[in-house]
1. Name every residue in the range 10-24 that is among the aliphatic types (A, V, I, L, M) and over 15 Å from Val69 (Cα atoms), in order of residue number.
2. Identify, from the list Lys18, Lys26, Lys2, the residue that is basic (Lys, Arg) and in contact with a helix residue (DSSP H, G or I) (Cβ under 8 Å, 6 or more places away or on another chain).
3. Quick one: in the range 65-83, which of the residues that are in contact with a Gly (Cβ under 7 Å, 6 or more places away or on another chain) and among the aliphatic types (A, V, I, L, M) is modelled with the lowest pLDDT?
4. Please name all residue pairs, on different chains or six or more residues apart, with Cβ atoms under 9 Å, provided the first residue is in the range 20-35 and is closer than 22 Å to Tyr5 by Cβ and the second residue is among the charged types (D, E, K, R) and surrounded by 12 or more Cβ atoms within 10 Å (Cβ to Cβ).
Amino acid sequence: MKYLYIVIIAALLLVVLKYVFNVSLKTLGELLLNIVIGLIVLWLVNQFGGAIGIPNIPINLLTALIVGVFGLPGVIVLIILFYFNIV
């Protein structure tokens, strides 16, 4: 349920961006789609990554926005950062 709250908050932030910076709806839709796909990938990493030594990555608004902006490379960067305890 908390993941749904993250998606709702991210969507609200995107609506604010739409009206403040006059960003197109297509761009916002792509960003929201990236956030949802990224959250799914992070969830999968957290569920199955422990078996191969990948640490648990917290799913919060910051990680959702990183994944939303950078996509799959953002997920890879988060995995590397948490694996080497940089964050």
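1. Matches in the range 10-24: Leu12, Val15, Val16, Val20.
2. Lys18
3. Checking each candidate, the answer is Val67.
4. From residues that are closer than 22 Å to Tyr5 by Cβ, the pairs are Leu28/Lys18.
The values are calculated or read from the model by the stated rules, or taken from the named source; none is laboratory data. Please read all numbers here as calculations on a predicted model, not as lab measurements. Glycine gets a Cβ as well: all are built from the backbone with ideal geometry, and neighbour counts include every protein chain shown.
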